[in-house]
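Notes for the one structure printed next.
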């Protein structure tokens, strides 16, 4: 019998990446005490232009990009270390997060020279922010069914349709929208393209969608005869599907898929005190061991990517395991905190924090590809479909 | 050994285990039959001496080479104490002696050792009733005791392997000497050894369940075409992947950091992780294979029962979780990320 081997070759982050880690830590020690606690907990969901600009000044946004676009031409692994330090220290890194992770790399790979020059240097300075324009009211996991239509007209496209779950659209500069530029609804992957949309374009309306925790992260973005100039087409007309899947690959195996609520683990250590009973310490230790494992897997994937491989199945496995870990964490932590907290006062504080984490938890296994979509990808990798 | 040599050895061993260590052999061991021929051939291949230096008549491999071999052995449910003997021989060589042939096992626990005599009792010793000699470390001294000088109460493990309780009553050692590997460290090395065997077994469980799902036809089609089954097996793959990734990372850290204390935290985390997911791996694989996989006839239980036994051997997830949790609690919340990102107990 033979199935594809699941291998996560152990990988060491190189010395220069570890040296960078020290620099990032020193920077954060200065920058973070000024940030409100709840903004730190929300980490890459917190919009803080001030923080993003300070990070940009250090050269830590778009660090892998060519120097001509404001980057530092450093390795993907240097970026990895910055990302995990931001999460491990609960930094308010939401403003530039999507631009740094996927929009910038997408423009670098498929965008034209004018787009790159106009936008990438601004991203690296921490002053240009992006939203993801993929999902629609009738297109979630089935992304190829998008209906937003961009009709070619003189000098550009006339766009009509609706995008939803568009995080940060009310504050960001741009959104990269997946739209149909030719053919009919039902043509699936054919005839899709990606457009660079300035969110201030006339005919683009942004309305809040409040999530269950009462937060305004999401929006509904409506296009009503919005004119998007031809110069804003990203890549080739009709290549949208290929481009969007490559964009999704950037989204899946990073540390934000298992460290989004890392603060819960840190607060759990705090609430259990310095000498927890064996039952509590063993459960704490098992949680730490699971997180360590996820980090080994994620670093191994980063190493494979640095080596020029495209480990799509491994990346899907990291996101599947990692997001379920993030869902388990507040539940397991709450149970042992209730029985083993050192003081009633500490417990009350912890339960407050845990309650917020519990409310956010359902989102982890939905955003960036649901558990079920990921398992479909893994099943295909196992030769089952 | 270099990468190419290791790959060749693993390839040869893989073919050998496939040919000579099939279902019948594993089942015979469960009935109490010692597979003398299999052991003889394993010794002829030099496998128990893989991590013994050449100047002590060993193969000259590293700890990492040994652990890679044992992961492979785990994927074949090799029902003899290859792992225990290989690690025991490594420890004997490190203490300055030359290992003798014959199956050996590790007796690690609350023992006292003085003047070349050993006392104490250890339960659940793997392969206790078939080992020729017992390798023990107490404090910083290693001792080798012949089976004849110990009292052995055979209590087969739930995987049907000849485990048992070993009692030493002022037992004379055939060798004792200063050990660079402490008793605690020997236990850690045994833990990473089991974690790697668990990685092998987990890998085999996944392969078995995937293959079965393609062969098994219900409702007129192979069950692998049902989305419910596809998602179960994808979830199974995630637990198997975690087991493999953590065990491999610990094996690397143990090897690179040196025999005396390399990868202490990684080993604890990997054995905790492997033990933690053993049940999910067993549960999903059995559910996906229905009644067939629950029969003694099928090989699935060779692996799932070993996972259930091995998760307790040399520290369960509760044992290692406590080690990690106590150390991290002591270091406090602000040390958590620095320690974790350095794969260390405390920064």
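The values are calculated or read from the model by the stated rules, or taken from the named source; none is laboratory data. Nothing here was measured: the structure is a model prediction, and the numbers come from that model. Note: ideal-geometry Cβ built from the backbone for every residue, glycine included; neighbour counts use all protein chains shown.
Please determine, by comparing only the residues of region A:288-319 that are facing another protein chain (nearest Cβ under 7 Å) and free of Cβ contacts under 8 Å to residues at least 60 places away in the same chain, which one is surrounded by the fewest Cβ atoms within 10 Å (Cβ to Cβ).
A:291
Which one is surrounded by the most Cβ atoms within 10 Å (Cβ to Cβ), of the residues in region A:173-197 that are free of Cβ contacts under 8 Å to residues at least 60 places away in the same chain and under 19 Å from the mean Cα position of the chain (by Cα)?
A:177
May I ask you to verify whether residue B:245 is under 23 Å from residue A:273 (Cα atoms), buried (at least 23 other Cβ atoms within 10 Å of the Cβ) and at the interface with another protein chain (Cβ under 8 Å from one of its Cβ atoms)? Give the derivation first.
Values: under 23 Å from residue A:273 (Cα atoms): no; buried (at least 23 other Cβ atoms within 10 Å of the Cβ): yes; at the interface with another protein chain (Cβ under 8 Å from one of its Cβ atoms): yes.
For residue B:245, the condition - under 23 Å from residue A:273 (Cα atoms), buried (at least 23 other Cβ atoms within 10 Å of the Cβ) and at the interface with another protein chain (Cβ under 8 Å from one of its Cβ atoms) - is not met.
Output yes when any residue across region A:342-351 is within 11 Å of chain B (Cβ to nearest Cβ) and either within 22 Å of residue A:134 (Cβ to Cβ) or surrounded by fewer than 16 Cβ atoms within 10 Å (Cβ to Cβ) (or both), and no when none is.
Yes, the conditions are met somewhere in region A:342-351.
Is at least one residue of region A:131-141 part of a strand (DSSP E or B) and over 30 Å from residue A:38 (Cβ atoms)? Full working, then the answer.
If we filter region A:131-141 for residues that are part of a strand (DSSP E or B), which is where we start, we get A:131-133, A:136, A:139.
Imposing the further condition that a residue be over 30 Å from residue A:38 (Cβ atoms) reduces the set to A:136, A:139.
Scanning region A:131-141 turns up at least one residue that is part of a strand (DSSP E or B) and over 30 Å from residue A:38 (Cβ atoms).
If I go through region A:207-234 residue by residue, how many of them are surrounded by fewer than 19 Cβ atoms within 10 Å (Cβ to Cβ) and touching a helix residue (DSSP H, G or I) at 6+ places or on another chain (Cβ under 8 Å)?
Result for region A:207-234: 5.
Among the candidates B:334, B:322, single out the residue that is buried (at least 24 other Cβ atoms within 10 Å of the Cβ) and without any contact (Cβ under 8 Å) to a residue 40 or more places away in the chain.
None of the other options fit; the residue is B:322.
Here's the yes/no breakdown for (1) part of a loop (DSSP other than H, G, I, E, B); (2) closer than 24 Å to residue A:362 by Cα; (3) in contact with a strand residue (DSSP E or B) (Cβ under 8 Å, 6 or more places away or on another chain):
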site: A:189; (1), (2), (3): yes, no, no
site: A:200; (1), (2), (3): yes, no, no
site: A:206; (1), (2), (3): no, no, yes
site: A:224; (1), (2), (3): no, no, yes
site: A:242; (1), (2), (3): no, no, no
site: A:246; (1), (2), (3): no, no, no
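Quick check: anything in region A:126-138 on the phi > 0 side of the Ramachandran plot and crowded, with 20+ Cβ neighbours inside 10 Å?
Looking for residues that are on the phi > 0 side of the Ramachandran plot and crowded, with 20+ Cβ neighbours inside 10 Å, one finds at least one in region A:126-138, hence yes.
Taking residue B:137 and the conditions (1) under 20 Å from the mean Cα position of the chain (by Cα); (2) within 22 Å of residue B:39 (Cα to Cα), which numbered condition does it fall short on, given that it satisfies the others?
Checking residue B:137 against (1) under 20 Å from the mean Cα position of the chain (by Cα); (2) within 22 Å of residue B:39 (Cα to Cα), the one that fails is (2).
Do we have residue B:298 as more than 10 Å from chain A (Cβ to nearest Cβ), in a loop (DSSP other than H, G, I, E, B), free of Cβ contacts under 8 Å to residues at least 40 places away in the same chain and surrounded by fewer than 24 Cβ atoms within 10 Å (Cβ to Cβ) here?
Answer is yes for this residue.
Taking the criterion of being free of Cβ contacts under 8 Å to residues at least 24 places away in the same chain, part of a helix (DSSP H, G or I) and under 18 Å from residue B:158 (Cα atoms), would at least one residue in region B:307-318 satisfy it?
No, every residue in region B:307-318 fails to be free of Cβ contacts under 8 Å to residues at least 24 places away in the same chain, part of a helix (DSSP H, G or I) and under 18 Å from residue B:158 (Cα atoms).
Looking at the structure I just gave you, is residue A:315 in a helix (DSSP H, G or I), at pLDDT below 95 and over 20 Å from residue A:39 (Cα atoms)?
Yes, satisfied.
Condition (residue is part of a helix (DSSP H, G or I), away from chain A (no Cβ under 14 Å), surrounded by 22 or more Cβ atoms within 10 Å (Cβ to Cβ) and at pLDDT 95 or above) applied to region B:179-186: is it met by at least one residue?
Scanning region B:179-186, I find at least one residue that is part of a helix (DSSP H, G or I), away from chain A (no Cβ under 14 Å), surrounded by 22 or more Cβ atoms within 10 Å (Cβ to Cβ) and at pLDDT 95 or above, so the answer is yes.
Has region B:148-169 got at least one residue that is touching a strand residue (DSSP E or B) at 6+ places or on another chain (Cβ under 8 Å), assigned to a helix (DSSP H, G or I) and crowded, with 22+ Cβ neighbours inside 10 Å?
no
Please enumerate the residues belonging to region B:209-231 that are more than 29 Å from residue B:251 (Cα to Cα) and buried (at least 20 other Cβ atoms within 10 Å of the Cβ). Give the derivation first.
First, the residues of region B:209-231 that are more than 29 Å from residue B:251 (Cα to Cα): B:212-231.
B:212, B:213, B:223, B:224, B:229, B:230 - these are the residues of region B:209-231 that are more than 29 Å from residue B:251 (Cα to Cα) and buried (at least 20 other Cβ atoms within 10 Å of the Cβ).
Mind checking which residues of region B:277-293 are more than 14 Å from residue B:216 (Cβ to Cβ) and loosely packed, with under 15 Cβ neighbours inside 10 Å?
The one that is more than 14 Å from residue B:216 (Cβ to Cβ) and loosely packed, with under 15 Cβ neighbours inside 10 Å: B:283.
Determine whether residue B:206 is over 18 Å from the mean Cα position of the chain (by Cα), away from chain A (no Cβ under 14 Å) and either assigned to a helix (DSSP H, G or I) or surrounded by 22 or more Cβ atoms within 10 Å (Cβ to Cβ) (or both). So that I can check it myself, show each step before the final result.
Working: over 18 Å from the mean Cα position of the chain (by Cα): yes; away from chain A (no Cβ under 14 Å): no; either assigned to a helix (DSSP H, G or I) or surrounded by 22 or more Cβ atoms within 10 Å (Cβ to Cβ) (or both): yes.
No, not satisfied.
Tell me the helices (runs of 4 or more DSSP H) entirely within region A:1-100 that contain at least 2 residues that are within 14 Å of chain B (Cβ to nearest Cβ) and touching a residue at least 12 places away in the same chain (Cβ under 8 Å).
So the answer is A:15-31, A:37-42, A:76-88.
What number of residues within region B:326-342 satisfy the criterion of being more than 7 Å from chain A (Cβ to nearest Cβ) and either more than 16 Å from residue B:257 (Cβ to Cβ) or part of a loop (DSSP other than H, G, I, E, B) (or both)? Before you say what the answer is, go through the steps one by one.
Residues of region B:326-342 that are more than 7 Å from chain A (Cβ to nearest Cβ), as a first pass: B:327, B:331, B:334-335, B:338-339, B:342.
Filter again for either more than 16 Å from residue B:257 (Cβ to Cβ) or part of a loop (DSSP other than H, G, I, E, B) (or both), leaving B:327, B:331, B:334-335, B:338, B:342.
Total satisfying the criteria: 6.
What are the residues in region A:274-287 that are facing chain B (nearest Cβ under 7 Å) and closer than 16 Å to residue B:239 by Cα, if any?
Listed by number, the list holds a single entry, A:286.
Among the helices (runs of 4 or more DSSP H) contained in region B:1-90, which hold 2 or more residues that are touching a strand residue (DSSP E or B) at 6+ places or on another chain (Cβ under 7 Å)? Before the answer, list the steps.
Details: elements: B:3-20, B:23-30, B:36-44, B:63-74.
Once the helices (runs of 4 or more DSSP H) in region B:1-90 are filtered for at least 2 residues that are touching a strand residue (DSSP E or B) at 6+ places or on another chain (Cβ under 7 Å), nothing remains.
Report the residue count in region A:249-273 for those that are outside any loop (DSSP other than H, G, I, E, B), more than 22 Å from residue A:342 (Cα to Cα) and within 11 Å of chain B (Cβ to nearest Cβ).
Number satisfying all stated conditions: 1.
Quick one: how many residues across region B:260-273 are more than 9 Å from chain A (Cβ to nearest Cβ) and either over 17 Å from the mean Cα position of the chain (by Cα) or more than 14 Å from residue B:185 (Cα to Cα) (or both)?
Counting residues in region B:260-273 that are more than 9 Å from chain A (Cβ to nearest Cβ) and either over 17 Å from the mean Cα position of the chain (by Cα) or more than 14 Å from residue B:185 (Cα to Cα) (or both) gives 3.
Looking only at region A:320-332, which residues are under 9 Å from residue A:287 (Cβ atoms) and within 12 Å of chain B (Cβ to nearest Cβ)?
Selection gives A:325, A:328, A:332.
Could you list, in sequence order, all residues of region A:348-368 that are touching a helix residue (DSSP H, G or I) at 6+ places or on another chain (Cβ under 6 Å) and in contact (Cβ under 8 Å) with a residue 60 or more places away in the chain?
Result: A:350, A:353, A:354, A:357, A:361, A:364, A:368.
Quick one: is residue A:277 touching a residue at least 12 places away in the same chain (Cβ under 8 Å) and touching a helix residue (DSSP H, G or I) at 6+ places or on another chain (Cβ under 7 Å)?
When the stated conditions are applied, residue A:277 passes them.
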